[in-house]
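Each remark here refers to the structure printed beneath this line.
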Amino acid sequence: MKRSHHRSGVLLLIALASSVASASGVYLDTFLSHYKIKDGSALAEKSCGICHVSDSDFKFNPFGKDVKKAMTDRNAEEVDAALLVSIENLDSDGDGTPNGKEIAAGTAPGDPSSGGAPGTKPAAAATEEAKKPAPFPPKNGFHPAIVHFPIALFIGGLVLDFLGMLRKDKTLLQAGWYCILMAAVTSLGGIASGVLAMGLQKLPYRGLIFTHLTMAVASSVIIWIMVAMRVHRHEKMNVPMRFLYYVLAAATFVLISWAGHLGGVFVYGE
């Protein structure tokens, strides 16, 4: 028995290790901090619409495309003050006013209909404000660091569970159970951190973000149902119950995959 639990623990640790992943932070805070955009201003209210088509359509607008190109040219993984300054002299939206002057005037550099104010002075390259330590909690609410755990644990748990069923290996079934249980628990953290990030960034509960949140909540609910079906039934599930279990698992896999895709669209654009 001790050996069985030891093997289960090792397998669980392997599944946990597989969940380590990276994700770029949200760049809005860097932009607002560098240019000292005040809360309630027109640019602050545009939120993600500064670089994207809107706060619900995350295709890049002309300014967002120039930011992305600058990141590619510099082989940069994050947006910083120097990168923003490097594209201040560009006229991303083609309205005749450089990006830096538009931002200084409080108008959107990626929206030609927002207008500009020729003669205004672009922001300085690097300010003391931009050099200050990141706020705590960060504007992403630790969501990128937390959300990958339930995804990896759920998928790893299904693989272990399926192999355990095929090989009639109680240890694999047990390891799969623990992974799925931990996926259910960590899914609550993923949802909570996502809601926190939405609040810190003042993101609206509509469009892509609302769909992303809805799918995440639905996934968590189904995983908890699967946990309830598996309690004290590691290898004793009858055929009809196991069939239902895997139907729910397939549905959850689709929901998690699509929610993850939408999260990627939010961070990177389409």
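Quick notes
- Our estimate of slack between Lys59 and Phe243, defined as 0.36 nm per intervening residue step minus the Cα-Cα distance, is 62.3 nm.
- For the listed peptides 105-111, 60-66, a ranking on the average number of other beta carbons within 10 Å per residue, highest first, reads 105-111, 60-66.
- By definition, a body whose alpha carbon gyration tensor gives a ≥ b ≥ c is prolate when a/c is 1.5 or more and a/b is larger than b/c, and segment 131-270 fits this prolate description.
- Residue exposure sequence - Trp258, Trp224, Trp177 - by fewest surrounding Cβ within 10 Å: Trp258, Trp224, Trp177
- Potential lengthening of the chain between Lys36 and Phe210 amounts to 59.8 nm, from the contour at 0.36 nm per residue minus the alpha-carbon distance.
No value in this document is a laboratory result; all are computed from the given coordinates. Small disclaimer: the values here were computed from a predicted structure and weren't measured. Glycine gets a Cβ as well: all are built from the backbone with ideal geometry, and neighbour counts include every protein chain shown.
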